[in-house]
Amino acid sequence: SQQLVGTEVKNPGVTRMVGGWAIMFLLFTLTGTASSIFEEKQEGTLKRMFCMPISRSQFLFAKYLFAIVLGMIQLLVLFLFAYFLYDVDIFSNIFNLVFVAFVSASAAIAFGMVITAFAKSLAQANAISTLFILIMSALGGSWFPVTLFPDWMQIIAKFTLTYWSVEAFLQVLWRNTDFVSLLFPYVTILLGIAIAANYLALYLFKKRQVI
């Protein structure tokens, strides 16, 4: 591959892998944010909150928005770290980078909500999420470029959230892809994952009466 962003490549290895680190750390953070519902329930915070005129859907939406903001702040810190310490060019395509960060955070918190809605306890949610995040990170390119995998593993990788996030960051930081090319298929698939996971989470929350 050829680095197309910036006039001088000082650390192409980090430029190529920073997106993988970003989505892996994001998944751990935002899944933990989602599963904090169990702590709030145990401490009685949810019971007191629902004494106020607020619906469960509104509560979940507020937590979702908070998690996205938290995720964006985390990604900001990570990319600034990569910029100042490793000379990764994050400003040549800053709009697309912010957009990919937003949809990645949306998909990550939606994944966390599904795990929380499915699990029976905080310990179970943490165990399930850790297992899935590590598997997705390994398959999706967070640790190694997917191009190093056999063809059959590359096909499996495309069924993971991490693959599409890593590839989207790669398009921005490595190939300087324009917005339209980024939108289809990378962002579209990430948004599709976020929407589908959110609907599944709402269904599970209602059916299992987690909150």
Taking Ala197 as the residue in question, decide whether it is surrounded by fewer than 23 Cβ atoms within 10 Å (Cβ to Cβ) and out of contact with any Ser or Thr (no Cβ under 7 Å at 6 or more places or on another chain).
yes
Being small (Gly, Ala, Ser) and assigned to a helix (DSSP H, G or I) is the filter; apply it to the stretch 27-49 and report the residue that is farthest from Gln171 (Cα to Cα).
Ser36
Considering the stretch 87-118 alone, what residues qualify as being in a helix (DSSP H, G or I), among the hydroxyl-bearing types (Ser, Thr, Tyr) and over 14 Å from the mean Cα position of the chain (by Cα)?
Thr116
Name the single residue, out of those in the stretch 154-178 being closer than 25 Å to Phe111 by Cα and out of contact with any Leu (no Cβ under 8 Å at 6 or more places or on another chain), that is surrounded by the most Cβ atoms within 10 Å (Cβ to Cβ).
Val166
Within the set of pairs 6 or more residues apart or between chains, which connect a residue that is under 16 Å from Gly71 (Cα atoms) inside the stretch 84-100 to a residue that is among the small types (Gly, Ala, Ser) and surrounded by 13 or more Cβ atoms within 10 Å (Cβ to Cβ) with Cβ atoms less than 8 Å apart?
Val100/Ser165; Val100/Ala168
Return the pairs, sorted by first residue and then second, in which the second residue is in a helix (DSSP H, G or I) and buried (at least 20 other Cβ atoms within 10 Å of the Cβ), the first residue lies in the stretch 55-67 and is among the charged types (D, E, K, R), the beta carbons are less than 9 Å apart, and the residues are 6+ apart or on different chains.
Arg56/Phe205; Lys63/Thr33; Lys63/Ala34; Lys63/Ile37; Lys63/Ile109; Lys63/Met113
Restricting attention to the stretch 157-203, the residues that are more than 26 Å from Pro12 (Cα to Cα) and over 18 Å from the mean Cα position of the chain (by Cα) number exactly 2
Over 28 Å from Asp87 (Cα atoms) and not small (Gly, Ala, Ser) - does that describe any residue in the stretch 159-171?
yes
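Let me confirm something: among Met52, Met24, which residue is free of Cβ contacts under 8 Å to residues at least 24 places away in the same chain and either in a loop (DSSP other than H, G, I, E, B) or aliphatic (A, V, I, L, M) (or both)?
Met52
Every number in this text was worked out from the coordinates using simple rules, so none of it is lab data. Source: prediction; values computed, not measured. Using ideal geometry, Cβ is built from the backbone for each residue, glycine included, and neighbour counts are taken over all protein chains shown.
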